[in-house]
Amino acid sequence: MTEVPPFHAFIHPLMLVLYERGAPMQAREAYEVVANRVGLTEEQRAVMLPSNTQRTYHNRIGWANDYLKRAGLTRSPARGYWEITASGRDWIESFRDGAPESEIARIRKVSPSHRRRENLSVPEVEEPAVADLSPEERIDEATRELRESTKFELLERIGQCSPEFFERLVLDLLLAMGYGLNHTSLRQTGGAGDGGIDGVISLDRLGLEKVYVQAKRWKGNVGRPEVQAFFGALAGHRARKGVFITTSDYTREARDFAASVSDSLVLVNGDDLAGLMIDHGVGVSHRTLKLAKLDSDYFEDV
């Protein structure tokens, strides 16, 4: 038999492997150790994705880890390394002999946006079974899932970068979105004594119209005091436009305050940031998928 098990069949074996290792493990080693644990044959290991770009079992074990990271059970301490988290150790100790289908289903339903907004009580969305979807709907669903996975990876990688790199990334994104004339329109000001301003973008050649930026890599939600302090910094510069960007999210109080001065201040959270990076090609590459569809006009006179 050459059929490779679905990705969720690798979730529990991968957790066992990372638990037993107890230290960061290279992904390429994890592929082989997990494959050995589940008893993949040489024929199964040789199966490639339809694109012929990756072995199928590598891809599916990678997706298993992706869902585990979303659930907070594993993490990537460095590029190409995986390790189990404290929550993951508790999980596998509760399911050493195997996890019930209901538990695997729970992990599969955890979305990156839900993880990031868990303090804002965002409900889980019930997803339809794949068998119930049309081919077009399956493509849309796969595209959505790949986008969500990429957003999660982007925020994870940003969290491993320096604050200075993040500030530069934010300015690059705003330039890609059409703010500023070119790179000379961007000025990175973050650091000691920055006065609450991390960057400035000139919107015209004379620098008469500017956007002031604050970029913060936070794990917890940004509160009203931080947003209000940024608004105060804008007033100190007599600025009319300000963008506060964070890799996490904002409390309701912070959003309410920004809404009360909405003509001056825009809040961008981690989910929005990652989505904008994907849409404007910052820190990502895009693949073009060619789908064939009957051209009715061609056969019109037949």
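Here are a few things to note about the model shown:
So that you can scan it fast, the table gives a plain yes or no per residue for (1) more than 16 Å from Asp272 (Cα to Cα); (2) modelled with pLDDT of 90 or more; (3) part of a loop (DSSP other than H, G, I, E, B); (4) more than 18 Å from the chain's Cα centre (by Cα):
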| position | (1), (2), (3), (4) |
| --- | --- |
| Ile92 | yes, yes, no, yes |
| Asp97 | yes, yes, yes, yes |
| Ser102 | yes, yes, no, yes |
| Ser113 | no, no, no, no |
| Ala131 | yes, no, no, yes |
| Glu153 | no, yes, no, no |
| Arg157 | no, yes, no, no |
| Phe165 | yes, yes, no, no |
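- Residue in the range 251-260 that is surrounded by 14 or more Cβ atoms within 10 Å (Cβ to Cβ), of a type in the set (S, T, N, Q) and under 26 Å from Leu203 (Cβ atoms) present: no
- Just one of the numbered conditions (1) hydrophobic (A, V, I, L, M, F, W, C); (2) in a helix (DSSP H, G or I); (3) closer than 21 Å to Leu154 by Cα is not true of Ala259: (3).
- Single condition Val211 does not satisfy, out of (1) among the hydrophobic types (A, V, I, L, M, F, W, C); (2) surrounded by fewer than 14 Cβ atoms within 10 Å (Cβ to Cβ); (3) at pLDDT 80 or above: (2)
- Applying the criterion of being polar (S, T, N, Q) and part of a loop (DSSP other than H, G, I, E, B) to the residues of the range 282-302, the residue that is farthest from Arg157 (Cα to Cα) is Thr288.
- Test: residue in the range 41-59 that is aromatic (Phe, Trp, Tyr), in the same structural domain as His12 (by TED's automatic domain parsing) and farther than 18 Å from Thr150 by Cα: yes
- Applying the criterion of being assigned to a helix (DSSP H, G or I) and among the basic types (Lys, Arg) to the residues of the range 197-253, the residue that is farthest from the chain's Cα centre (by Cα) is Arg224.
- Checking each residue in the range 49-65 for being over 16 Å from Trp91 (Cα atoms) and under 16 Å from the mean Cα position of the chain (by Cα) picks out Gly62, Trp63.
The values are calculated or read from the model by the stated rules, or taken from the named source; none is laboratory data. Quick caveat, the model's predicted, so the values are computed rather than measured. All Cβ positions, even for glycine, are placed from backbone atoms using ideal geometry, and neighbour counts span all protein chains on display.
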